Amino acid sequence: METQQPPLVIENRRDHLVRTGKAVPRFLQGVFPFIGRGLFEQEQVDDSLCYTTPAACEAEITYVRAGNFSDEMLYLILAADGAPLRYFPLGAGASCHIELAIVERHRAGSRIQMNFAAPLALRGTIVLDIGLLEICTQ
């Protein structure tokens with residue numbers, strides 16, 4: 001009688017790190033009203049969307065989901081330690097889901113935040129869901 005082998009399961013890096021307790025998923029989420037100050041005047045969306053990488057950890061931003069409830073296009077700026085990392089244009093009444101293909105590691109103490117810029121006096125609401133992976137380095 002032939003023994004049947006269990007199916008081969010291939011696990012990606014993220015799932016392996018979470019399963020083994022070496023990483024923890026973190027989420028920055030919320031619904032935020034805004035008033036635009038101009039397309040060249042970026043500002044922080046909200047304090048609750050700021051994340052500082054804890055000691056003995058590194059962080060990776062894995063995806064951004066966003067929705068724009070306004071009548072015009074705006075853009076989001078993902079920043080680390082004050083420097084822009086990614087720009088996400090978001091059309092009027094549009095939403096997007098972006099899995100980041102290139103993922104940088106942010107060392108302990110790095111401050112990550114989401115900014116935006118919108119046409120002057122534009123009023124609307126931004127919905128955001130940002131996925132991070134917090135990886136223990138010790």
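The values are calculated or read from the model by the stated rules, or taken from the named source; none is laboratory data. Everything numeric in this text was worked out from a predicted model, so none of it was measured. Quick reminder, even Gly has a Cβ in these numbers, built from the backbone with ideal geometry, and neighbours come from all protein chains shown.
Numerical summary
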{"read-out": "Checklist (1) surrounded by 11 or more Cβ atoms within 10 Å (Cβ to Cβ); (2) free of Cβ contacts under 8 Å to residues at least 24 places away in the same chain; (3) aliphatic (A, V, I, L, M) applied to I10, failing item", "value": "(1)"}
{"read-out": "Test: residue in segment 67-84 that is surrounded by 14 or more Cβ atoms within 10 Å (Cβ to Cβ), farther than 30 Å from L17 by Cβ and acidic (D, E)", "value": "yes"}
{"read-out": "Tabulated pairs, segment 47-74, first more than 10 Å from L132 (Cβ to Cβ), second among the acidic types (D, E), C-beta under 6 angstrom, 6+ apart or interchain", "value": "C57/E134; R65/D129"}
{"read-out": "Considering residues of segment 113-138 that are among the β-branched types (V, I, T) and in contact with a Phe, Trp or Tyr (Cβ under 6 Å, 6 or more places away or on another chain) only, the residue farthest from I35 (Cα to Cα)", "value": "I126"}
{"read-out": "Matching option when the condition is touching a helix residue (DSSP H, G or I) at 6+ places or on another chain (Cβ under 9 Å) and crowded, with 18+ Cβ neighbours inside 10 Å, among I61, I130", "value": "I130"}
{"read-out": "Test: residue in segment 21-29 that is exposed (fewer than 14 other Cβ atoms within 10 Å of the Cβ), closer than 27 Å to P119 by Cα, within 15 Å of the chain's Cα centre (by Cα) and modelled with pLDDT of 90 or more", "value": "yes"}
{"read-out": "Residue match in segment 111-124 (condition: polar (S, T, N, Q) and over 13 Å from Q42 (Cα atoms))", "value": "no"}
